[in-house]
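Trainee: Starting off with a structure, shown below.
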Amino acid sequence: MTVPRTALKNWEKVREFALGLPGATEDFPWGDTVAKVNKKVFVFLGAPDSGYPLGVTVKLTDEAIHAHALTSPGAEPAGYGLGRSGWVRVPLEPAGAPAAGLLCEWVEESYRVIAPKRLAAELDAR
């Protein structure tokens, strides 16, 4: 399955942004790309060559942001029970998918929920 160029560019921008956050590391559990802080996942990025539609999964506990993310085409609460904790999967391939800038805002929100306060403060100091 070929990934649309726009979706792949947005994925790459989101990945680069996530890995640029204080203390962020990349890992590959289950064959997917994830970004972690303090050994905890703050964004699931999937894998462009997995054969599955490309998307990102973020933890959004702010009700307004969570609701906004769910209005994206194809967005849904994450599987495996993660949706009950505020995790949202947002596909990158459908027409009308969020732009990279908005996705990065959601990644930052997810990071702030997961990251230790000292690292969130470091982000604020930038």
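Trainee: Can you give me the relative contact order of the chain as a percent, contacts being Cα pairs under 8 Å and 6 or more apart?
Mentor: With pairs under 8 Å counted, the relative contact order is 27 percent.
Trainee: Could you calculate the contour length gain from Leu102 to Arg118, that is, 0.36 nm times the residue separation minus the distance between their Cα atoms, to one decimal place in nm?
Mentor: Difference between extended and current length: 3.3 nm.
Trainee: With a 10 Å cut-off between alpha carbons and a GNM built on the chain, which of Ser110, Ser72, Ser85 moves the most?
Mentor: Answer for the Gaussian network model of the chain: Ser85.
Trainee: Do any trypsin sites (Lys or Arg not before Pro) in the range 11-96 lie in a DSSP loop with no more than 14 other beta carbon atoms within 10 Å, and if so, which?
Mentor: Those that pass, being in a loop and sparsely packed, are Lys39.
Trainee: Of all chymotrypsin sites (Phe, Trp or Tyr not before Pro) in the range 50-126, which ones are in loop regions per DSSP and have a Cβ with at most 13 other Cβ atoms within 10 Å?
Mentor: Tyr80
Trainee: Sticking with this one: Suppose the chain between Thr61 and Ala95 were pulled fully straight at 0.36 nm per residue; how much longer would it get relative to their current alpha carbon spacing?
Mentor: Numbers: separation 34, 0.36 × 34 = 12.24 nm, distance 2.58 nm.
Gain on stretching Thr61 to Ala95: 9.7 nm.
Trainee: In addition: Please build a GNM for the chain, connecting alpha carbons under 10 Å apart, and tell me which residue among Ala64, Ala18, Ala75 fluctuates the most.
Mentor: The residue with the greatest mean-square fluctuation here is Ala64.
Trainee: Report the extension gain between Thr2 and Asp32 in nm, rounded to one decimal, defined as 0.36 nm multiplied by the number of residues separating them, less their alpha carbon distance.
Mentor: 9.1 nm
Trainee: Along its three principal axes, how long is the chain when you only count alpha carbons? Whole Å, largest extent first please.
Mentor: Answer, in whole Å and largest first: 41, 28, 28 Å.
Here, each number is a calculation from the coordinates, and none is a lab measurement. What you see is a predicted model, and the numbers here were worked out from it, not measured in a lab. A quick note on method: Cβ atoms are made from the backbone with ideal geometry, for glycine too, and the neighbour counts reach across all protein chains shown.
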